[in-house]
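Report on the following structure.
Read-outs throughout are calculated quantities, based only on the coordinates presented, and are distinct from any laboratory measurement. Values in this document were obtained by computation on a predicted structure and should not be read as measured data. Using ideal geometry, Cβ is built from the backbone for each residue, glycine included, and neighbour counts are taken over all protein chains shown.
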């Protein structure tokens, strides 16, 4: 992640936007349960929101420095930070009551890796559990924010098919001003 992008995602302004805009959406689309997997927390502003909502958050971060800093900052809290890639984890099948990923999937190395992340999230979610996520649109403004950075945009039009290929059902997509948000479920009764 480039320095400017990281500074934006660590800023008080971004934290306020998440609190005001993202959090009400999450509350409206899914019950997160008590054991949430966060995919790609970055500097952890979304982790801060999630940890207020649920008893336990496991945040998987691929970047060495970001994982270390987040683990240090949240030591002793209800968050466990795991340094690793979300496309291949050691978590048990059907462990988590929800998975969340906010504005990070475009940082995956390829569309294939994004699909692998969807499949892995599906594997570790309990039946009936939701994946709640957001990502930015592919436009000039977003591309400018990702100069010298990984940017593999998701196409919201193709997303339902990609999530279905991973096993998810009940896919809903909401389009906002600066991002699109989606919720998908692992089939089965919630447990």
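Arrange the peptides 116-127, 24-35, 176-187 so that the one whose residues have, on average, the most other Cβ atoms within 10 Å appears first.
116-127, 176-187, 24-35
For the range 45-116, what mean projected area does the convex hull of the alpha carbons give, in nm²? Provide the component values of the computation, followed by the final result.
On the way: hull surface 20.6 nm².
Convex hull of Cα atoms, orientation-averaged projection: 5.2 nm².
Could you list 54, 132, 81 so that the one with the fewest beta carbons within 10 Å of its beta carbon is first and the one with the most is last? Working shown, then result.
Details: 54 18, 132 21, 81 25.
Ascending Cβ contact count within 10 Å gives the list 54, 132, 81.
Sum -39500 (n - 2.57) across every DSSP H segment of at least 4 residues in the chain, then divide by the residue count to get the 222 nm mean residue ellipticity, nearest 500.
Numbers: 8 runs with 67 residues, N = 191.
That comes out to -9500 deg cm²/dmol.
What percent antiparallel are the DSSP beta bridges of the chain, to the nearest 5?
On the way: 12 of 31 bridges.
The answer is about 40 percent antiparallel.
Shape call for the range 40-191 from the C-alpha gyration tensor, a ≥ b ≥ c root eigenvalues: rounded (a/c under 1.5), prolate (a/b greater than b/c) or oblate?
Values: a/c = 1.58, a/b = 1.04, b/c = 1.51.
It comes out oblate by the Cα gyration axes.
Work out how much length residue 94 to residue 161 would gain on full extension: take 0.36 nm times their residue separation and subtract the Cα-Cα distance, in nm to one decimal.
Details: separation 67, 0.36 × 67 = 24.12 nm, distance 2.23 nm.
Result: 21.9 nm gained on full extension.
Taking only C-alpha pairs under 8 Å that are 6+ residues apart, what is the relative contact order of the chain in percent? Mind showing how you got there, number by number?
On the way: 360 pairs, mean separation 38.6, N = 191.
20 percent.
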